[in-house]
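Note sheet for the following structure.
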Amino acid sequence: METILFLTHTEADGTLCKASLEALGAAVELTIDSASSLAVGIFGADVQKAANSIANCGATRIFGVEGPDFAQPRYATDACAAEILCRSSQATIIVTPGTSRMSRIMAGVAHRLAGRVDTHVNSIRYESTRPVITRWFYRQRMVADVNRAQRPWVLVVDPGTHPVYPAEASSAKVEMLAAVLGADRVRTSVKGVEAPKTDQQTIRPDAELLFVAGAGWTKKQKDGQPHVKEAEALILGFLSETKASLGSSKSLVDISGEGGEVLKFMSHMNQVGQTGATPRHPKGLSTCCHGEEPHVVGWRFINERRAINLDPNCGWARGKADVVYVADAFEVIAKVNALLAEKKTATVG
């Protein structure tokens, strides 16, 4: 029998994020399947609110490390809190969400515990007398089942791979642990946060639709001239009306290095595919893309894939998309934007 620890951090408002609740669901399922015991470890500025929100998860013990030093992400303090929580729980398997904050520290924490760590975990199941995980390798091109004898075993669960745990708020008893921090642990401080305005936000992980733009948006059109400004207006208009998330092919974000005119709101953060980025959205729409293999790999976890391209022999037409529209993306998106605007006006009226 294992001792399973669900380990996470709080958000700025003291709650748990969606990725944390997904990882909690994976931990609870593994606990039930393996007839093991479950503990919870939470760190942050104030952990009681988060602990209360998941009081029905079946944990036998809930541990907490809190204080102003743990309010902001920082490797030294986060790793210290995580290590204390893991040691106090005597966990043999540690399940944690793949947020940027947890992903940054868990390899180091596993080393301090003389354990092992696996990241990008997509599923966890119990077979016979051992837990087995599924994860992807080589930028999502190969999948493998992994099990380890070494304990503790740290499992960093990818967001979007498990359903959100149906947490119910109640009153939770939290065992607070003291974390003694020297001056060397708090040398880094957060001075502020710079974020784009709401109407400039293009990356929306929870969006229903992923809209991917290819290099064709910046190329010469049927009149022999590029229309980058028009492309920017069309794409931003579509994103504004649909609240879709914006992705990009590698060829588009690389244009800036080739001296070509670029879409000003596009960066390598939007790139799908060769960076290893594999977004998970219910639907995807690819426009002006060539269907190159790295791009397709980046779309592996999109449930329904559609594409718009003038070339009927495009790579997307050869089984890489569920539906291919052989049409001019400029004309299609302009028409879609007009229809969405009409629908919005009719709804308001």
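Just tell me which aspartates and glutamates come within less than 17 Å, Cα to Cα, of residue 343; anything on the same chain fewer than 8 places away is out.
Within the straight-line limit of under 17 Å, residue 343 reaches these aspartates and glutamates: 241.
Using the Karplus curve 6.51 cos²θ - 1.76 cosθ + 1.60 with θ = phi - 60°, work out ³J(HN,Hα) for each residue of the range 268-273 in order, rounded to whole Hz, and write x for Gly and Pro.
5, 5, 8, 5, 10, x
Please report, to two decimal places, log10 I(q)/I(0) for the range 98-181 at q = 0.12, 0.15, 0.21 Å⁻¹ as given by the Debye formula with identical point scatterers on the Cα atoms and no solvent.
One equal scatterer on each Cα of the range 98-181 leads to -0.49, -0.74, -1.16.
Can you compute the modelled spin-label distance between residue 269 and residue 151, with each label point 7 Å from Cα toward Cβ, in nm?
Rounded to a tenth, the inter-label distance reads 4.2 nm.
For the chain, what is the charge dipole size about the Cα centre, in debye to the nearest 20, if Lys and Arg each add +1 at the Cβ and Asp and Glu each add -1 at the Cβ? Mind dumping the intermediate values first?
Values: 39 positive and 37 negative charges, 96 e Å.
In total the dipole reaches around 460 debye.
Taking amide hydrogens as modeled 1.01 Å from N in the peptide plane, which residues meet the under 5 Å criterion relative to residue 248, leaving out close sequence neighbours?
213, 271, 272
What is the sum of charges around residue 116, taking Lys and Arg as +1, Asp and Glu as -1, for the other residues whose C-beta is under 9 Å from the C-beta of residue 116? If you can, show how the numbers build up before the last one.
Working: positive: 148, 151; negative: 118.
Around residue 116, the charge tally is +1.
Kindly flag which residue pairs out of 219/250; 243/344; 219/283; 243/320; 18/344; 219/243 have an alpha-carbon separation exceeding 18 Å in this structure. Working shown, then result.
Numbers: 219/250 15 Å; 243/344 13 Å; 219/283 26 Å; 243/320 25 Å; 18/344 29 Å; 219/243 26 Å.
Where the Cα-Cα span goes over 18 Å, the pairs concerned are 219/283; 243/320; 18/344; 219/243.
5 Å is the cut-off here: which amide hydrogens, built 1.01 Å from N in the peptide plane, fall below it relative to residue 327, excluding neighbours closer than 5 in sequence?
So residue 327 has HN proximity to 309, 310.
Given a Förster distance of 41 Å, report the FRET efficiency between residue 127 and residue 61 from their Cβ-Cβ distance, rounded to the nearest 0.05.
Values: r = 27 Å, r/R0 = 0.66.
So the FRET efficiency works out to roughly 0.95.
How many nm separate the modelled label positions at residue 331 and residue 243, each set 7 Å beyond the Cα in the direction of the Cβ?
Here the answer is 3.2 nm between the modelled labels.
Mean-square fluctuation check for the chain, GNM, Cα pairs under 10 Å: which of 234, 210, 155 is largest?
Among 234, 210, 155, the largest GNM mean-square fluctuation belongs to 234.
When the Debye formula is applied to the Cα atoms of the chain, each taken as the same point scatterer, what base-10 log of I(q)/I(0) results at q = 0.07, 0.09, 0.10, 0.12 Å⁻¹?
With no solvent term, the Cα-only Debye profile gives -0.37, -0.60, -0.72, -0.94.
Would you calculate, for the chain, the mean residue ellipticity at 222 nm contributed by helices, counting each DSSP H stretch of 4 or more residues as -39,500 (n - 2.57) and dividing by all residues, to the nearest 500?
Helices in the chain give a 222 nm mean residue ellipticity of -8500 deg cm²/dmol.
Would you kindly derive the ³J(HN,Hα) couplings of the range 157-165 from the backbone phi angles with the Karplus curve 6.51 cos²θ - 1.76 cosθ + 1.60 (θ = phi - 60°), listing them in order in whole Hz, with x for Gly and Pro?
8, 5, x, x, 9, 9, x, 5, 5
Rule-based calculations on the coordinates, nothing more; no lab input. Note that the coordinates shown come from a computational prediction; the quantities given were computed from them, not determined experimentally. So basically every Cβ, Gly included, is an ideal-geometry build from the backbone, and we count neighbours across all protein chains shown.
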